[in-house]
Amino acid sequence: MEATGTDEVDKLKTKFISAWNNMKYSWVLKTKTYFSRNSPVLLLGKCYHFKYEDEDKMLPATSGCTIEDHVIAGNVEEFRKDFISRIWLTYREEFPQIEGSALTTDCGWGCTLRTGQMLLAQGLILHFLGRAWTWPDALNIENSDSESWTSHTVKKFTASFEASLSGERELKTPTISLKETIGKYSDDHEMRNEMYHRKIISWFGDSPLALFGLHQLIEYGKKSGKKAGDWYGPAVVAHILRKAVEEARHPDLQGITIYVAQDCTVYNSDVIDKQSASMTSDNADDKAVIILVPVRLGGERTNTDYLEFVKGILSLEYCVGIIGGKPKQSYYFAGFQDDSLIYMDPHYCQSFVDVSIKDFPLETFHCPSPKKMSFRKMDPSCTIGFYCRNVQDFERASEEITKMLKFSSKEKYPLFTFVNGHSRDYDFTSTTTNEEDLFSEDEKKRLKRFSTEEFVLL
């Protein structure tokens, strides 16, 4: 009886903390993000200029990324459309309970999993849609009514807490929805793009069946000693994403794989082997690969000597972003201006969306609000991502990035390296695994070390 009572107290405590986090991360302040019109803005390899003569030096962008037309000229609308088109994955509440826990929200602990999802989503956009793709409805997203946020948050907290105490949960989708999409697209190409746009988002749905949803990622994390409610670091998330893609059985995903660098080293032959693994008489094409490189940009604090390298990486069109953040918070870095990084923030709690229904609403999966922070505030622990469509693209990228590493490195050793050959040629344990043991012993040791090195997430 005593044990049962303790379990009930633990469950009640979990529910209260979840309700509190749901309220805490639903409270979003409408802050302004300022961009200089005298400096270019880089967003995942695309450059935008906001320069306009005879105006003040700084231009304001409201939290909804609305930049008044009369304030500046240049390709502001193109930047807004490009930024909003990136897939935004945030905290969610009221989703199906995570197996082995009482959790129906990831508020307060799942931010690095969300930033990892955003990086993978960008890789899939490059794979299926290309870097030039933008969402036709990006500029139609309306901002929430700021005056109603406070009362809405209080009501949301009260309802969430009462539901937690009663053990009841009602799954609701947002009331905001897009205009009717039938007949909206002018040609088959646009219809195909919208189909893949929706399909990619559905793969990240918050349900046990979603291929790259939170539930699946947590299952893979268990193999490295993680569980729902734990803190995840950028390196651990990189390996979880790799396993998720490797285990995905969807026909559309058989042409893409993920490689995670070992101890800041990319072994070229290992990458090419992964890209060539499925080559048969029926399919002679190389696999595309997303290369993830967990690195540290310094000791306890980020070394500013790495700033130019990070800016160089984000200037590449095949860069899929950086899983990083600042101490105690994880962000998805997608661009920069001057010495400030542009990012998407997962720390906003939104309601569960059932992505299995036809024409599910898309607005909550696109961020209307770019944010910036100084590079100096960046936590040194991060994971950098690149996408290469085939072996030829990988060879070209490795050469380009190697040159960038040499030019940017003031130290004797670069941040990471590309080397010829296989990891086994350098006496590393082979990382091949069977289905029952998703992580090899070598990987488990590496993941355990990463877990102790990375920052704590609240």
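Structure above, values below:
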| quantity | calculated |
| --- | --- |
| Count - residues of the range 74-93 that are closer than 29 Å to Cys388 by Cα and either in a helix (DSSP H, G or I) or hydroxyl-bearing (Ser, Thr, Tyr) (or both) | 11 |
| Residue that is touching a strand residue (DSSP E or B) at 6+ places or on another chain (Cβ under 6 Å) and closer than 27 Å to Thr257 by Cα, where the choices are Ser423, Ser374 | Ser423 |
| Members of the range 111-141 that are small (Gly, Ala, Ser), in contact with a Ser or Thr (Cβ under 9 Å, 6 or more places away or on another chain) and more than 15 Å from Phe365 (Cβ to Cβ) | Gly116 |
| All positions within the range 376-413 that are in contact with an Asp or Glu (Cβ under 6 Å, 6 or more places away or on another chain), closer than 19 Å to Thr302 by Cα and open to solvent by 20 Å² or more (accessible area, probe 1.4 Å) | Ser408, Lys410 |
| Every residue from the range 229-261 that is in a helix (DSSP H, G or I) and among the β-branched types (Val, Ile, Thr) | Val236, Val237, Ile240, Val245 |
| Residue list for the range 414-433, filter: closer than 27 Å to Asn303 by Cβ, modelled with pLDDT of 85 or more and either under 25 Å from the mean Cα position of the chain (by Cα) or open to solvent by 60 Å² or more (accessible area, probe 1.4 Å) (or both) | Leu415, Phe416, Thr417, Phe418 |
| Tally of residues being among the small types (Gly, Ala, Ser) and open to solvent by less than 20 Å² (accessible area, probe 1.4 Å) across the range 193-227 | 4 |
| Subset of the range 53-104 that is of a type in the set (S, T, N, Q), modelled with pLDDT of 50 or more and closer than 30 Å to His127 by Cα - its residue that is surrounded by the most Cβ atoms within 10 Å (Cβ to Cβ) | Thr90 |
| Any hit, the range 308-324, residues being without any contact (Cβ under 8 Å) to a residue 60 or more places away in the chain and within 30 Å of Lys371 (Cα to Cα) | no |
| Total residues in the range 327-372, condition closer than 19 Å to Leu89 by Cβ and assigned to a strand (DSSP E or B) | 15 |
| Unmet criterion (only one of (1) over 30 Å from Asp230 (Cβ atoms); (2) modelled with pLDDT of 60 or more; (3) in a loop (DSSP other than H, G, I, E, B)) for Glu411 | (2) |
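This table checks each residue for (1) polar (S, T, N, Q); (2) in a helix (DSSP H, G or I); (3) touching a Leu at 6+ places or on another chain (Cβ under 9 Å).
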| position | (1), (2), (3) |
| --- | --- |
| Phe95 | no, no, yes |
| Ile98 | no, no, yes |
| Ser101 | yes, no, no |
| Cys107 | no, no, no |
| Thr112 | yes, yes, yes |
| Met118 | no, yes, yes |
| Ala121 | no, yes, yes |
| Ala132 | no, no, no |
| Trp135 | no, no, yes |
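The values are calculated or read from the model by the stated rules, or taken from the named source; none is laboratory data. Here the structure is a predicted model, which is why all the values come from computation and not from measurement. No Cβ is skipped: glycine too gets one built from the backbone with ideal geometry, and neighbour counts run over all protein chains shown. Protein only, heavy atoms only, side chains kept; ligands, DNA and RNA dropped before computing areas. Shrake-Rupley method; radii C 1.70, N 1.55, O 1.52, S 1.80 Å.
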